[in-house]
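The block underneath contains the structure these notes are about, expressed in structure tokens.
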Amino acid sequence: MSVKNSDRFIIAYNRIEKSLSKKVDDSGFMPFYRLIEKAKIKNSVVRNHEEDLREFGDLRNAIIHHRTGVDYVIAEPHDDIVERIELIERKVSNPLNVGALFGCKVHTLQASDPLTAALRLMRDNKFGQLPIYQNGKFKGLITAAGITHWLAGQSTEDSISREIPTLSDVYNYEKRKESFEFVRRDLSVYEAEDYFKRAISRGTRLEALLITDTAEHNEKLIGIITPYDLLKID
């Protein structure tokens, strides 16, 4: 016998409610709308789907409180509603983390390396930025924009300097030296998306999120997220 849409809906709803209770450390009873209010403060999935979740709460009440019999409910959700709540439930209960989705070998260079080394990597891998290190410590990002600014600074009316600079020289031409954030590997991909959105709301632009185990600068880089990578986020 096939499972009714109302049963699938209630199962997904109960899982969401349980997950939200854990997120807000609620050991007692709290109305669903209050769970949403508290959870959305720190959880981007809840913030992004707040309207859906509130409507699900109303529909759940219609299903549960207006039953006229064991096998009859006054509101039988449509397929698209059930699929929607099940999708949101997966996002709330088991969100993908950035380490799993964006973890990869990270190409890095030293500040003393020549610009040609960065250009080769950027050309071959279609990178828009590269992390550079100095004396074993993270220094910053070399970006296509920074290279352009360096190039513009070297030109005269008749020629461009033929001297090959180090990446440290080029880095001095980076206009936005804080165009990145370090994030931990277990950060939700939806929370990662919020980093870029918040930067835009402040009138700035993040070039990348740099992934380490616990978001510490001195840890090994295990992945990079760029704005383009957001297209991978459902």
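The values are calculated or read from the model by the stated rules, or taken from the named source; none is laboratory data. This structure is a prediction, so every number in the text was calculated from the model and none was measured. Reconstructed Cβ throughout: ideal geometry from the backbone, glycine too, with neighbour counts over all protein chains shown. Protein only, heavy atoms only, side chains kept; ligands, DNA and RNA dropped before computing areas. Shrake-Rupley method; radii C 1.70, N 1.55, O 1.52, S 1.80 Å.
Evaluated against (1) surrounded by 15 or more Cβ atoms within 10 Å (Cβ to Cβ); (2) in contact with an Asp or Glu (Cβ under 8 Å, 6 or more places away or on another chain), Lys4 falls short on exactly one condition, (1).
Taken over the range 217-234, residues that are open to solvent by 80 Å² or more (accessible area, probe 1.4 Å) and in a helix (DSSP H, G or I) amount to 3. Only residues that are part of a helix (DSSP H, G or I) and without any contact (Cβ under 8 Å) to a residue 24 or more places away in the chain were counted across the range 191-216, and they come to 6. Out of curiosity, is Tyr72 modelled with pLDDT of 90 or more, open to solvent by 90 Å² or more (accessible area, probe 1.4 Å) and more than 29 Å from Lys220 (Cβ to Cβ)? Spelling it out, it is not the case that Tyr72 is modelled with pLDDT of 90 or more, open to solvent by 90 Å² or more (accessible area, probe 1.4 Å) and more than 29 Å from Lys220 (Cβ to Cβ). Entry remark, the range 120-157: residues being touching a His at 6+ places or on another chain (Cβ under 6 Å) and either β-branched (Val, Ile, Thr) or free of Cβ contacts under 8 Å to residues at least 60 places away in the same chain (or both) number 1 in total. Mind listing whichever residues of the range 88-113 are outside any loop (DSSP other than H, G, I, E, B) and either more than 26 Å from the chain's Cα centre (by Cα) or not charged (D, E, K, R) (or both)? Scanning the range 88-113 gives Ile88, Val92, Ser93, Asn97, Val98, Gly99, Ala100, Leu101, Phe102, Gly103, Leu109, Gln110.
Of the residues making up the range 27-55, those that are over 18 Å from Glu191 (Cβ atoms), modelled with pLDDT under 90 and surrounded by fewer than 12 Cβ atoms within 10 Å (Cβ to Cβ) number 3.
Being in contact with an Asp or Glu (Cβ under 7 Å, 6 or more places away or on another chain) and under 12 Å from Ala192 (Cβ atoms) is the filter; apply it to the range 87-110 and report the residue that is surrounded by the most Cβ atoms within 10 Å (Cβ to Cβ). If we take residues in the range 87-110 being in contact with an Asp or Glu (Cβ under 7 Å, 6 or more places away or on another chain) and under 12 Å from Ala192 (Cβ atoms), then Phe102 is surrounded by the most Cβ atoms within 10 Å (Cβ to Cβ).
Looking at the range 8-23, can you tell me whether even one residue there is in contact with a Phe, Trp or Tyr (Cβ under 9 Å, 6 or more places away or on another chain), open to solvent by 20 Å² or more (accessible area, probe 1.4 Å), at pLDDT below 90 and not aliphatic (A, V, I, L, M)? The answer is no; no qualifying residue exists.
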